[in-house]
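Asker: Take this structure first; my questions come after.
The values are calculated or read from the model by the stated rules, or taken from the named source; none is laboratory data. Predicted, not measured: the structure shown is a model, and the values here were computed from it. Cβ: placed from backbone, ideal geometry, glycine included. Neighbour counts: every protein chain shown.
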Amino acid sequence: MLSLVSCKDRQKQGEAFLPESKGNINEIAIVIDDVMWNGEVGDSLRKKLAYPVDGLPQEEPIFTINQYSPKIFEGVVTQSRNILVVSKGLNKEFKHVENKYAKPQNVFYITGYSIHEILDLIETHSETLISIIKYSEIHYVQHKMEKARLSDDKLRGVFMINIEIPDTYRYADEKEYFYWMKKDIPSGSSSLLVYQVPISQIEKNNDIVGNIVKVRDSVGALYIRGTMEHSSMVTEEGYSPYFMNTRLDGKTAYETKGTWELQNNFMSGPFLNYAIRDEKNKRYLILEGFVYDPSNAKRDMIFELEAIMKSVHILQ
């Protein structure tokens, strides 16, 4: 009796014995010799992989990058979730391998005969590398959230959505068509808002960005207030929000990110807002995450909120 096993089956069998990958969110282990790291190649990698994240009040890199000499690329380092190996070789090549030493894992190889070839590969493929890592990191965070979720029954009943929220969050406020979930941390908090508005409220006068800002400021005035008189959350005027078209749950959506502040108060922080056009229900579903943590970095807190919001599914 013949037993036929495909290459894909063999790969899956091999992955079953791999250790779990390690590393913090948005972290890359770069395996490269010290000479290249301290020269043009290192400068190019830092420029491409450590540029500042848009919308944060303090400058933070898109990825935390750690350099390792090829001589010490062994043991725990090989189990990093995201690895980039840069080296000289006979062939000019960019390659991506999944789950080579651990799982889940991305291992990228940039190989060139000369420094010029390596620099060209970095320039050509850095956007691909970034998008792969960001996509897989979002899914990694979402997978972790599945293990301990806050019940979304209330949100399903009111907004007809499923969304994965970690059980570290709690329901902080509930109004008609407005829900506020909050995670308390020692130095601040992380918040998620869910609400909806008619389509016309976002598309009025063809000013999408302006209307999104007006809506979020009006919601802040209604529901998110400080202890001081006339103190409510607004979009900080000193910094123009970053705006882009995107898609969530297969639907047209708008991503807006910037800085919020509490009027007549000293509280402020970053926010990330998604306005999802739900044609069937004649509404924009608004998901917004915002962070208050004045003494610490906020990149990964906003990233967690992004992963939560990107898990949304509108029920039909």
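Asker: In the range 77-115, what residues are exposed (fewer than 15 other Cβ atoms within 10 Å of the Cβ) and small (Gly, Ala, Ser)?
Answerer: SER87, GLY89, SER114
Asker: Let me ask something additional. Return the only residue of ASN296, ASN281 being in contact with a Ser or Thr (Cβ under 7 Å, 6 or more places away or on another chain), touching a residue at least 60 places away in the same chain (Cβ under 8 Å), farther than 20 Å from GLU137 by Cα and not acidic (Asp, Glu).
Answerer: None of the others qualify; the one that does is ASN296.
Asker: Inspect all residues belonging to the range 47-67 and state whether any of them is surrounded by 16 or more Cβ atoms within 10 Å (Cβ to Cβ) and part of a helix (DSSP H, G or I).
Answerer: For the range 47-67, residues surrounded by 16 or more Cβ atoms within 10 Å (Cβ to Cβ) and part of a helix (DSSP H, G or I): present.
Asker: A further question on this structure: Out of the residues in the range 193-232 that are touching a residue at least 40 places away in the same chain (Cβ under 8 Å) and either outside any helix (DSSP H, G or I) or not assigned by TED's automatic domain parsing to the domain that holds PHE159 (or both), state the one that is surrounded by the most Cβ atoms within 10 Å (Cβ to Cβ).
Answerer: LEU193
Asker: Something else: Restricting the search to the range 54-80, which residues are at pLDDT below 95, hydrophobic (A, V, I, L, M, F, W, C) and within 25 Å of PRO241 (Cα to Cα)?
Answerer: Once the filter is applied, which keeps residues that are at pLDDT below 95, hydrophobic (A, V, I, L, M, F, W, C) and within 25 Å of PRO241 (Cα to Cα), the range 54-80 yields only LEU56.
Asker: Now, a different point. If I go through the range 68-109 residue by residue, how many of them are hydroxyl-bearing (Ser, Thr, Tyr), without any contact (Cβ under 8 Å) to a residue 60 or more places away in the chain and either over 17 Å from LEU121 (Cβ atoms) or assigned to a loop (DSSP other than H, G, I, E, B) (or both)?
Answerer: 4
Asker: Please enumerate the residues belonging to the range 237-262 that are assigned to a loop (DSSP other than H, G, I, E, B), modelled with pLDDT under 90 and either in contact with a Lys or Arg (Cβ under 9 Å, 6 or more places away or on another chain) or charged (D, E, K, R) (or both). Steps first, answer last, please.
Answerer: Pass one, the range 237-262, residues assigned to a loop (DSSP other than H, G, I, E, B): 237-241, 249-250.
Adding the requirement that they be modelled with pLDDT under 90 leaves 237-240.
Hit for the range 237-262 is GLU237, nothing else.
Asker: I'd like the full set of residues that are more than 18 Å from LEU121 (Cβ to Cβ) and not in a loop (DSSP other than H, G, I, E, B), limited to the range 34-46.
Answerer: Of all residues in the range 34-46, those more than 18 Å from LEU121 (Cβ to Cβ) come to 34, 38.
Within the range 34-46, just ASP34 meets the criteria.
Asker: Pick out the one residue from GLU279, GLU255 that is surrounded by fewer than 15 Cβ atoms within 10 Å (Cβ to Cβ) and assigned by TED's automatic domain parsing to the domain that holds TRP180.
Answerer: When all the criteria are applied, what remains is GLU279.
Asker: Right, another one. Which is outside the structural domain of ALA16 (by TED's automatic domain parsing), modelled with pLDDT of 95 or more and either surrounded by 13 or more Cβ atoms within 10 Å (Cβ to Cβ) or of a type in the set (Asp, Glu) (or both), of LEU155, LEU129, LEU121?
Answerer: Details: LEU129 fails: outside the structural domain of ALA16 (by TED's automatic domain parsing); LEU121 fails: outside the structural domain of ALA16 (by TED's automatic domain parsing).
Answer to the check: LEU155.
Asker: Restricting the search to the range 138-152, which residues are loosely packed, with under 15 Cβ neighbours inside 10 Å and either over 17 Å from ASN26 (Cβ atoms) or at pLDDT 95 or above (or both)?
Answerer: Result: HIS139, GLU146, LYS147, ALA148, ARG149, SER151.
Asker: Which of the following residues is charged (D, E, K, R) and either part of a loop (DSSP other than H, G, I, E, B) or within 21 Å of the chain's Cα centre (by Cα) (or both): LYS183, LYS154?
Answerer: LYS183
Asker: Still on this model: If you check every pair at least six apart or on different chains, which have Cβ atoms under 6 Å apart with a residue in the range 256-276 that is farther than 10 Å from LEU56 by Cβ first and a residue that is among the hydrophobic types (A, V, I, L, M, F, W, C) and part of a loop (DSSP other than H, G, I, E, B) second?
Answerer: ASN264/MET228; ASN265/MET228
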